[in-house]
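Participant: Once you've had a glance at the structure underneath, I'll fire off some questions.
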Amino acid sequence: MRKNFNPIIPTDDDGLVIHEAHIWTEEKYKLVGGYNDIFTRGMRKKWKKLVYVDLFAGPGYCRIIETGRILKSSPMIALSLPLPFDFYIFCDENEKFIDALKRRVDRDHSDKAVHFYVGDCNNGIEDIKKMVPVHKSGETVLTFCFIDPYELNFHFETIKRLTENKLVDVLILQAYFMDLNRNYTNYLNDDNQKISLYLDDEKWREKFKKSAHYPKNFVRFIAESYDEKMRGLNYLNPIRNSIKIPDKNVRLYYLSFYSKHERGQDFYKKVQEYSDEQLTMRL
């Protein structure tokens, strides 16, 4: 994978909006970019159309706080592949981010078929789904969806609707340690609907209190509950990386890969071989 494509792509400040992130974000780019590469190379001859969906796309450029260097972020990485996808769908609720991304795409990748959606993907998932080409005889479609929220504000109903009657591999950032541990008391409050929407389960509190994980292992309960919901959509057990702060035993979030086919899992395991042990633990 690394011989063909390096997902860490330094670039210059072009005067447009740039998102700021910490150095461990580079590990995320290695994994999503590496999977993009192996996905398009491995599936190009087997599928008529390959589609990339990025539901929290951002502006396309990222400045690393610790080093100051500017990197292409997930949408621009996906557009820079040696063997590109056939269709790209970029969503973000920040209008300034999408405006900057559009301008970068128009400047550097005007030859690509790119669709944009401004708004909350949870509210606009039906419109986003309509952008994905229809899978039919002679026009087979395979999709890879990257979901990169900074908190647990991605609804399970959204992934259910996006993947319904479609073949979609999913890589999702699950901000369990950054979000769940910090807001444990708030989420146990019956008035807070965030986890109910995340799991699409109004009874999760009752299940948590009856589980062996109560009260100390909130993260494991939510992670296992999410995996169970994904299995209900015919996904296999996930392959995970736990991203952590370098040189510290402080975990930040999971990057969890879900596929309905063992071939997808095999691809992602190959990508994991290039992960940095200082930044990630394989689970």
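Participant: If you scale each eigenvalue of the Cα gyration tensor by 5 and take the root, what three semi-axes come out for the chain, rounded to whole angstrom and sorted largest first? Let's see the in-between values first.
Facilitator: Working: eigenvalues 164, 100, 73 Å².
With the √(5λ) rule applied to the chain, the semi-axes are 29, 22, 19 Å.
Participant: May I ask you to compute the full-extension gain from TYR184 to GLU126, defined as 0.36 nm times their residue separation minus their alpha-carbon distance, rounded to one decimal in nm?
Facilitator: 17.7 nm
Participant: While we're here: Where nothing but the Cβ of Lys and Arg (+1) and of Asp and Glu (-1) is charged, how large is the charge dipole of region 1-142 around its Cα centre, in debye to the nearest 20?
Facilitator: Numbers: 22 positive and 21 negative charges, 186 e Å.
Using Cβ point charges on Lys, Arg, Asp and Glu, region 1-142 gives about 900 debye.
Participant: While we're here: Sort ASP191, ASP200 so the one with the fewest other Cβ atoms within 10 Å of its own Cβ comes first. Could the numbers behind the result be given before it?
Facilitator: On the way: ASP191 5, ASP200 16.
The order, fewest Cβ neighbours first, is ASP191, ASP200.
Participant: Show that you can apply the helix-only estimate: for the chain, add -39,500 (n - 2.57) for every DSSP H stretch of four or more residues, divide by all residues, and state [θ] at 222 nm to the nearest 500.
Facilitator: On the way: 10 runs with 101 residues, N = 283.
My calculation for the chain gives -10500 deg cm²/dmol from helical runs alone.
Participant: Go through LYS194/LYS229; LYS102/LYS130; LYS129/LYS203; LYS216/LYS244; LYS130/LYS160 and tell me which ones have a Cα-Cα distance over 22 Å in this structure. Don't jump to the answer; show the numbers that get you there.
Facilitator: On the way: LYS194/LYS229 16 Å; LYS102/LYS130 20 Å; LYS129/LYS203 28 Å; LYS216/LYS244 20 Å; LYS130/LYS160 14 Å.
From the list (LYS194/LYS229; LYS102/LYS130; LYS129/LYS203; LYS216/LYS244; LYS130/LYS160), the Cα-Cα distance tops 22 Å for LYS129/LYS203.
Participant: While we're looking at this one, here's another question. Considering the alpha-carbon set of region 125-175 alone, what are its Rg and its Dmax in angstrom?
Facilitator: 12.0, 40
Participant: Only counting other Cβ atoms within 10 Å, I'd like VAL141, VAL168 sorted with the fewest neighbours first. The partial results should precede the final answer.
Facilitator: Working: VAL141 19, VAL168 22.
Placing the least packed residue first, the sequence is VAL141, VAL168.
Participant: Let me ask something else. Which net charge results for the neighbourhood of ALA212, defined as the other residues with beta-carbon distances under 12 angstrom from its beta-carbon, given Lys and Arg at +1 and Asp and Glu at -1? Working shown, then result.
Facilitator: Details: positive: LYS207, LYS209, LYS210, LYS216, ARG220; negative: GLU224.
Charge balance in the 12 Å sphere: +4.
Participant: Rounded to the nearest whole Å³, what is the per residue volume of the convex hull around the Cα atoms of region 29-132? Don't skip to the end; give the middle numbers.
Facilitator: Values: hull volume 11.4 nm³, N = 104.
Expressed per residue, the convex hull around the Cα atoms of region 29-132 is 110 Å³.
Participant: Which of the aspartates and glutamates could be linked to LYS30 by a straight reach, that is with a Cα gap under 12 Å, when you skip same-chain ones fewer than 8 residues away?
Facilitator: In chain and number order, the partners are GLU273, ASP276.
Participant: If you count the DSSP beta bridges with both ends in the chain, what percent of them are antiparallel, to the nearest 5? Before the final figure, lay out each step's value.
Facilitator: Values: 20 of 43 bridges.
Percent antiparallel among DSSP bridges in the chain is about 45.
Participant: Tell me which residues come under 5 Å, amide H to amide H, from TYR61 once H is placed; ignore anything under 5 positions away on its chain.
Facilitator: For TYR61, the qualifying residues are HIS19, SER73.
Participant: Which is farthest toward the positive dipole end of region 95-181 among PHE177, THR140, ASN123, measuring Cα position about the Cα centre, with Cβ charges +1 (Lys, Arg) and -1 (Asp, Glu)?
Facilitator: My answer, from the dipole projection, is THR140.
Participant: Now for a separate question. Whole number please: convex hull volume per residue of the Cα set in region 141-283, in Å³?
Facilitator: Roughly 112 Å³ of hull volume per residue.
Values in this text are rule-based calculations from the coordinates and carry no lab data. For clarity, every value in this text was computed on a predicted model and none was experimentally measured. Reconstructed Cβ throughout: ideal geometry from the backbone, glycine too, with neighbour counts over all protein chains shown.
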